[in-house]
1. Taking region 1-19 as the search range and keeping residues that are farther than 18 Å from residue 79 by Cβ and out of contact with any strand residue (DSSP E or B) (no Cβ under 8 Å at 6 or more places or on another chain), which one is modelled with the lowest pLDDT?
2. Does region 81-91 include one or more residues that are touching an Asp or Glu at 6+ places or on another chain (Cβ under 6 Å), at pLDDT below 75 and polar (S, T, N, Q)?
3. Could you list, in sequence order, the residues of region 20-47 that are among the aromatic types (Phe, Trp, Tyr) and either touching a residue at least 40 places away in the same chain (Cβ under 8 Å) or more than 20 Å from residue 76 (Cα to Cα) (or both)?
Amino acid sequence: FWLNDSLKISVEEQLDFLIKLKGDRLPFSKETTQKTREILFEESTSIGNIYAKTGWAGNSTRDLGWYIGWVEKDEQLIYFVHQVVSANLENKHFSASRKEILLHVLKTLVQ
C-alpha cells in the first residue's frame, strides 16, 4: 500500500502533473480534468485562489508530507510542490505545517 512510503514520485513529476492538469494536457476528458480542478479548489485568500492537495506518508522513522498545487491571482499563476520531512514522529504540528510553511512563502511571492 502506497501510504507506507513505497510510492516514489519526484518533485519534478509532481510539477509536471500539475502543469498538465491545469493545461488540459492529461489523457482524460476535459470534463474529468475540470471536475478535478474544481475539487482541488481550497480557498480564496489575499494571495489569490488556491488549488491544492495534501499528502502524508510515514514509516517507523519519519513523516513525509506534501502540499502541491497552484495559486492564481489576476494574471499571475504560481505552481508549488512542497515536501516536508519530520524525523520527530512525536511532532503534533506536522500535519498543519505542510500548508502553513508554503502559504507563508507564497505571501512573499504574490503581491
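1. Ranking the qualifying residues of region 1-19, first place goes to 1.
2. Quick first cut of region 81-91, residues touching an Asp or Glu at 6+ places or on another chain (Cβ under 6 Å) only: 86.
Restricting the remaining residues to those that are at pLDDT below 75 gives none.
No.
3. Within region 20-47, 28 is the sole residue that qualifies.
The values are calculated or read from the model by the stated rules, or taken from the named source; none is laboratory data. Worth saying up front: this structure is predicted, and the values here are computed from it rather than measured. All Cβ positions, glycine included, derive from the backbone under ideal geometry; neighbour counts span all protein chains shown.
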